[in-house]
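Working notes, structure below.
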Amino acid sequence: MEGGYRAGGTSAGAGPVQAIAPVAEQKKDTEEWQLLLVNRDHLLSEDYKIHEMTKLRGGHSVDSRIYPDLQKMMDDARAEGLQPLICSSYRTWDKQEELFQRKVSYYLRQGCDRQEAEEKASAWVARPGTSEHQAGLAVDIVDVAYQVLDEQQEQTEVQQWLMEHCAEYGFILRYPTDKSELTGVSYEPWHYRYVGKEAARELTEQGLCLEEYLSGQSVVLF
Ligand SMILES: [Zn+2]
């Protein structure tokens, strides 16, 4: 891990999740794009183009459709005296590939063969096509006072506030600590995904991760 900074998703190394049938059409008030599932089993196509981008400060950008709620969430957090900072947003396929290959090269230099190197790399950086950042629907947010992507991030005032309020703005903490086997990504108390307010409320109230929500029922792996 480079300085505790993880560029993408982290594989939990769990077994395969059972097939999940999207049920977006059953969610009348939630638009389909809001429930786009991107994970190790549901890859974005290489030519996926985000709808329309809105540029943010710091060279960041997101899908324009999530921008108003994201901005309001950031503004409201700041009004509470907090200092949230977006440290990752939309990522192109090329950028994700570059981050992934950099990690693969590291393991190749360690003497791994390619397959082994890619497997190890995917524990730290999401494979191209499996990162929600490539869809422009997710942001990593840290506390200005603690800009490290590790589990300590959850202790910050910013994360405490975001975890409590993000659903009001249509966001979910996408990779909760107790859902790693289902999401395929270990706990990331900084990665927020826009799913729309209705879905965010339901997910939060029912304690579901996106995979469970879209499967229409709780997925049991054991
Ligand atoms: Zn992220």
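The values are calculated or read from the model by the stated rules, or taken from the named source; none is laboratory data. Remember, it's a predicted structure, so these values are computed and weren't measured experimentally. Reconstructed Cβ throughout: ideal geometry from the backbone, glycine too, with neighbour counts over all protein chains shown. Just the protein is used for accessible areas: all its heavy atoms, side chains included, with ligands, DNA and RNA removed. Shrake-Rupley method; radii C 1.70, N 1.55, O 1.52, S 1.80 Å.
Tabulated data
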read-out	value
Per-residue SASA entry for residue 50, accessible area with 1.4 Å probe, Å² rounded to 10	20 Å²
Three-way shape call for the range 136-186 based on the alpha-carbon gyration tensor, with the a/c threshold at 1.5	oblate
Unsatisfied cross-links (Cα-Cα over 23 Å) in the set 55/95; 72/197; 120/179; 55/103; 55/120	55/103; 55/120
Relative packing of 65-72, 167-174, which averages over residues the other C-beta atoms within 10 Å, highest first	167-174, 65-72
Rounded percent of accessible protein surface that carbon and sulfur make up, the range 107-222, 1.4 Å probe	45 percent
Gain in span if fully extended, residue 101 to residue 79, counting 0.36 nm per residue against the direct Cα distance	3.9 nm
Rounded if a/c under 1.5, otherwise prolate or oblate - the range 42-152, Cα gyration tensor axes	oblate
Overall form of the range 145-222 per C-alpha gyration tensor (a/c, 1.5; a/b vs b/c)	oblate
Probe 1.4 Å - accessible area at residue 191, Å² to nearest ten	10 Å²
Highest to lowest packing among 130-140, 96-106, scored as the average C-beta count within 10 Å	130-140, 96-106
